[in-house]
1. When D49 is evaluated against the numbered criteria (1) among the charged types (D, E, K, R); (2) within 30 Å of T124 (Cα to Cα); (3) modelled with pLDDT under 95, which criterion, by number, is the only one it fails?
2. Answer with yes or no whether L56 is more than 17 Å from S27 (Cβ to Cβ) and at pLDDT 95 or above.
3. From the list I26, I52, pick out the single residue that is more than 16 Å from the ligand (Cβ to nearest atom), part of a helix (DSSP H, G or I), hydrophobic (A, V, I, L, M, F, W, C) and surrounded by 17 or more Cβ atoms within 10 Å (Cβ to Cβ).
4. In region 105-146, which residue that is within 11 Å of the ligand (Cβ to nearest atom), small (G, A, S) and modelled with pLDDT of 95 or more is farthest from G76 (Cα to Cα)?
5. Under 6 Å between Cβ atoms, at least 6 apart or on separate chains: pull out the pairs that start in region 16-27 with a residue that is within 15 Å of I71 (Cβ to Cβ) and end on any residue that is small (G, A, S).
Amino acid sequence: MIAMNLVAVSKYLSYLLRHNPEGLPISKDGFIPIEDILKKIRKRFPNVDEKILYKLNEGSKSRFEIKNGRIRALYGHTIPVEIPLEIDIDVEILYHGTTKEAAEKILKEGLKRKGRRKVHLSSTIQQAIRVGKRRTKNPVILKIDAESARNNGIVFEKANDLVYLSEEIPPIFISKLSNNED
Ligand code: HQG
């Protein structure tokens, strides 16, 4: 399979697990049996097998968890599932890459979920730039004072080394990353 196809498979898998299982059985904690999801995916991508699902999940940004013959997405959901992630107690600073327009709003009213179940944050500036570049050529990088936020009762969950989740974050903990920090 060529690299382009793997991206397409990963996107379809994310779509099924995060937004629309298209009639497949999904548990309250977001798992779909691998057998069922493979049957569905093979209608579009006939060569996909279980090995490919593992391959899609390699690297520091694992999007999925594969366990006991089932698979779930770890973050990004819009459907009402509860994913029990590790509560993070260490991280001091997190980042969020977005458009200039969204950044101005966020600095005034805070980070909101905007359709997903959680707010998504990045552990590195580089990752925040990548996330922002999905929407704009020159993303603005916001810095979240996670330590102060946590001391004020905000919970951060770790989905993987690069992606952290939270509830809405008030503007008092958010600032624009100054240039000397990039
Ligand atoms: C914006 C991808 C105005 C926010 C990525 C973002 C990530 C506001 C958009 C993951 C706002 C929501 C999630 C406010 C937030 N006013 N705009 N008050 N608060 N926003 O796609 O963080 O590759 O739901 O800045 O890598 O962009 O799919 O969230 O632009 O980890 O695995 O509202 O998705 O992961 O957009 O991305 P999204 P996101 P995957």
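1. (2)
2. In short, no.
3. Only one candidate qualifies: I52.
4. Per the criteria, the residue is G110.
5. L17/A73; R18/A73; R18/G76
The values are calculated or read from the model by the stated rules, or taken from the named source; none is laboratory data. Note that the structure is predicted; figures quoted are calculated from it, not measured. Here the Cβ is made from the backbone with ideal geometry for all residues, glycine too, and neighbour counts use every protein chain on show.
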